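These notes are about the structure you will find just below.
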Amino acid sequence: MNTREPLVLGIETSCDETGVGIVRGDALLANVIASSMEEHARYGGVVPEVAARAHLEALGPTIRAALAEASVDLDDLDAVAVTSGPGLAGALMVGVGAAKALAISKGLPIYAVNHLVGHVGADLLDSADPLETPTVALLVSGGHTSLLLVRDLVSDVELLGETIDDAAGEAFDKVARVLGLPYPGGPEIDRAAMGGDPDAIRFPRGLTRPKDLVAHRWDFSFSGLKTAVARWVEQREAAGEAVPMADVAASFREAVVDVLVSKAIDACTELGVPRLLLGGGVIANARLREVASERADASGIALRIPPLSLCTDNGAMIAALGAQLVMAGHAPSGLGFGADSTLPVTEIQVD
Amino acid sequence: MLLAIDTSTGTSVAVVDRDRATHELRTLAEVGTDDTMRHAEVIGGFIRDALAEAGVEPARLSGVAGGMGPGPFTGLRVGIAAAHAFALGIDRPFVPVPSHDAIAWSRYTAGDEGPLQVVTDARRREYAISEYDGLDADGLPVRRSGPGLVPRDALPEPRGLRFEAAVVSAAAVGALAELAFAARRLPLTGDAPLYLRAPDVTPSAGKRVLR
Ligand SMILES: [Zn+2]
């Protein structure tokens, strides 16, 4: 096996994106994603059984498309990497079953990796200056909202905090529904917020009161915010008043962005880590990137944001982490690992 | 020579071959478990072990047969995903086989005769059911009806024998694929799993989120 610049194919099926990526060392060769998002739209959120069925249909064609995009053959591969967790169990199992069989059919080593750490690994691909550690990482999507301290990508990642109820992306979806907007909510809220005043309504910032900061210093909570928006809107409607859509959307978004960025910047400051990395699909939100960049600048923190195609769930980030493990000399995983829907972030690779 | 995988009940992996001269079907290896919870964990080791026991390199296989269910979806998909990916890896065809057909074939080749009702657990107080009328001239089971779902308390009286299966043999899945290939009777079923149920969804609760 080429352990200096290994050619690795990564398979990601933890949520609603079937992702297959191919990397050579830290060079990105292919990143193909088949999304079942449209099928979930009518349900207003990701339906696990619909996602798992879609993965099974999409996986073969997606692997073929990735090989074509990278102009490589399965015979050229040095290793296969796959997401073992966290994520939707039934969805993960499709990728795990396929990855194991593919690896055996080609006599290749397999690396079972952590999805969240994969989001951090995405930053290594095709980047001009290498990722420096330690770094704080804020990962925000429809499935997770996590704050990590990454001391070493392949050997030392700590969970600082995470959401105790809804993921931030879920909050966008649910509030979009309150406002009568379609799924997925992120881009819809963004559109609705255009021209709105982010300070018009002071919506609550979850887990930021002094007593919350004791037990949940780095955790997030968005379900109270969602309820507050719903109550505010329903009170206006009950009173027969018009709902100022743009102001509600902008104020809600500001509450989410404020609490995400505040806790991430505070973590950098308190832990003395002058580096912050963003990842996850919600990073596509322009307001989040804007506020993060302003406050990082003001605090002297270096901010890194991978290209958006590598922020959303994808197979390239899984391949990237797999390649890092190979290059660091880690032994492959055995064949006995399964899908772990709650895989802790400290388990970067599953044996 | 085929690799065969079925995860519609437990997990079963086999290597089968059909002698071109004598037409004899042989099971070179078969490994499995009736554990219905650990498909993703065991599938890789079973494939490796079956190939090792048969002494066969992946490149020597001519295809991969996969049991398409019916069966509990989460486990069923693991085997189909693995069979698809293995076939892709060796660049050979994937051959879908109805899992109930494999059960019926196993019974008939073990000596059962006449009408046969095959039932398997479909969860949610339902059975998956198929009815057969023996083997045809090519040695393939004649499916008269099914697979379909019936409530557990409304299982129709069998016209002959009834067999409730807790395991599906991948060797039988592979044997059917070999027989159907030799008789030019492929495909035996479509590429989609035999789910028999629409996905279970919780429809959008609508605009109001306050109760
Ligand atoms: Zn993710």
**Fill in**
Flagged in region A:32-49 as surrounded by fewer than 20 Cβ atoms within 10 Å (Cβ to Cβ) and more than 16 Å from the ligand (Cβ to nearest atom), in numbering order, are A:38, A:39, A:41, A:42, A:43, A:49
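On the given criteria, is residue B:25 away from every other protein chain (no Cβ under 13 Å) and within 17 Å of residue B:103 (Cα to Cα)? Can you show your working first?
Numbers: away from every other protein chain (no Cβ under 13 Å): yes; within 17 Å of residue B:103 (Cα to Cα): yes.
Spelling it out, residue B:25 is indeed away from every other protein chain (no Cβ under 13 Å) and within 17 Å of residue B:103 (Cα to Cα).
Check whether at least one residue in region A:316-329 is part of a loop (DSSP other than H, G, I, E, B) and buried (at least 17 other Cβ atoms within 10 Å of the Cβ), and report yes or no. Outline the logic, then answer.
Within region A:316-329, the first condition is being part of a loop (DSSP other than H, G, I, E, B), and the residues that meet it are A:328-329.
If we keep only those that are buried (at least 17 other Cβ atoms within 10 Å of the Cβ) too, we end up with none.
Checking region A:316-329: not a single residue is part of a loop (DSSP other than H, G, I, E, B) and buried (at least 17 other Cβ atoms within 10 Å of the Cβ).
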**Residue tally, condition part of a loop (DSSP other than H, G, I, E, B) and open to solvent by less than 40 Å² (accessible area, probe 1.4 Å), over region B:22-71** = 6
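From A:262, A:293, A:251, A:299, which residue is away from the ligand (no atom under 16 Å from the Cβ), among the small types (Gly, Ala, Ser) and either surrounded by 24 or more Cβ atoms within 10 Å (Cβ to Cβ) or closer than 22 Å to residue A:159 by Cβ (or both)? I'd like the intermediate steps shown before the answer.
On the way: A:293 fails: either surrounded by 24 or more Cβ atoms within 10 Å (Cβ to Cβ) or closer than 22 Å to residue A:159 by Cβ (or both); A:251 fails: either surrounded by 24 or more Cβ atoms within 10 Å (Cβ to Cβ) or closer than 22 Å to residue A:159 by Cβ (or both); A:299 fails: either surrounded by 24 or more Cβ atoms within 10 Å (Cβ to Cβ) or closer than 22 Å to residue A:159 by Cβ (or both).
Going through A:262, A:293, A:251, A:299 in turn, the sole match is A:262.
Just checking, which of B:159, B:143 is more than 14 Å from chain A (Cβ to nearest Cβ), modelled with pLDDT of 95 or more, more than 17 Å from the chain's Cα centre (by Cα) and open to solvent by 70 Å² or more (accessible area, probe 1.4 Å)?
Step by step, each of B:159, B:143 is checked, and only B:159 is more than 14 Å from chain A (Cβ to nearest Cβ), modelled with pLDDT of 95 or more, more than 17 Å from the chain's Cα centre (by Cα) and open to solvent by 70 Å² or more (accessible area, probe 1.4 Å).
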**Prompt:** Taking helices (runs of 4 or more DSSP H) that fall entirely within region A:109-196, which contain at least 3 residues that are touching a residue at least 40 places away in the same chain (Cβ under 8 Å) and within 15 Å of the ligand (Cβ to nearest atom)?
**Reply:** A:115-121, A:168-178
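Check whether at least one residue in region A:143-159 is modelled with pLDDT under 95 and at negative phi, and report yes or no.
Yes, there is a match, as at least one residue in region A:143-159 is modelled with pLDDT under 95 and at negative phi.
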**Request:** Please indicate, with yes or no, whether at least one residue in region A:93-107 is more than 9 Å from chain B (Cβ to nearest Cβ) and either in contact with a strand residue (DSSP E or B) (Cβ under 7 Å, 6 or more places away or on another chain) or assigned to a helix (DSSP H, G or I) (or both).
**Result:** no
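Please go through region A:265-281 and pick out each residue that is open to solvent by 20 Å² or more (accessible area, probe 1.4 Å) and either within 16 Å of the ligand (Cβ to nearest atom) or within 22 Å of residue A:198 (Cβ to Cβ) (or both). Let's see the steps before the verdict.
Within region A:265-281, the first condition is being open to solvent by 20 Å² or more (accessible area, probe 1.4 Å), and the residues that meet it are A:266, A:269-272, A:274-275, A:281.
If the condition is that a residue be open to solvent by 20 Å² or more (accessible area, probe 1.4 Å) and either within 16 Å of the ligand (Cβ to nearest atom) or within 22 Å of residue A:198 (Cβ to Cβ) (or both), then A:266, A:281 are the ones that fit.
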**Total residues in region A:163-182, condition surrounded by fewer than 18 Cβ atoms within 10 Å (Cβ to Cβ), away from chain B (no Cβ under 12 Å) and out of contact with any helix residue (DSSP H, G or I) (no Cβ under 7 Å at 6 or more places or on another chain)** = 1
**Asked** residue A:297 versus (1) in contact with a helix residue (DSSP H, G or I) (Cβ under 8 Å, 6 or more places away or on another chain); (2) outside any strand (DSSP E or B); (3) away from chain B (no Cβ under 14 Å): which is the lone unmet condition?
**Response** (1)
**Prompt:** Of the residues that make up region B:118-132, is at least one within 14 Å of chain A (Cβ to nearest Cβ) and either surrounded by fewer than 18 Cβ atoms within 10 Å (Cβ to Cβ) or assigned to a loop (DSSP other than H, G, I, E, B) (or both)?
**Reply:** yes
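Return yes or no: is residue A:46 outside any helix (DSSP H, G or I) and away from chain B (no Cβ under 11 Å)? Spell out the reasoning first.
Values: outside any helix (DSSP H, G or I): yes; away from chain B (no Cβ under 11 Å): no.
No, not satisfied.
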**Request:** May I ask you to list the residues in region A:13-31 that are within 14 Å of chain B (Cβ to nearest Cβ) and either more than 16 Å from the ligand (Cβ to nearest atom) or at pLDDT 95 or above (or both)?
**Result:** A:13, A:14, A:18, A:20
**Asked** Among the residues of region A:65-82, is any within 8 Å of another protein chain (Cβ to nearest Cβ), within 16 Å of the ligand (Cβ to nearest atom), in contact with a helix residue (DSSP H, G or I) (Cβ under 8 Å, 6 or more places away or on another chain) and in contact (Cβ under 8 Å) with a residue 60 or more places away in the chain?
**Response** no
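Can you confirm whether residue A:341 is within 16 Å of residue A:12 (Cβ to Cβ), more than 14 Å from every other protein chain (Cβ to nearest Cβ), within 16 Å of the ligand (Cβ to nearest atom) and among the hydroxyl-bearing types (Ser, Thr, Tyr)? I'd like the intermediate steps shown before the answer.
On the way: within 16 Å of residue A:12 (Cβ to Cβ): yes; more than 14 Å from every other protein chain (Cβ to nearest Cβ): no; within 16 Å of the ligand (Cβ to nearest atom): yes; among the hydroxyl-bearing types (Ser, Thr, Tyr): yes.
So residue A:341 fails the test.
The values are calculated or read from the model by the stated rules, or taken from the named source; none is laboratory data. What you see is a predicted model, and the numbers here were worked out from it, not measured in a lab. Every residue, glycine among them, receives a Cβ derived from its backbone with ideal geometry; neighbour counts consider all protein chains shown. With ligands, DNA and RNA removed, areas are computed over all heavy atoms of the protein, side chains included. Shrake-Rupley method; radii C 1.70, N 1.55, O 1.52, S 1.80 Å.
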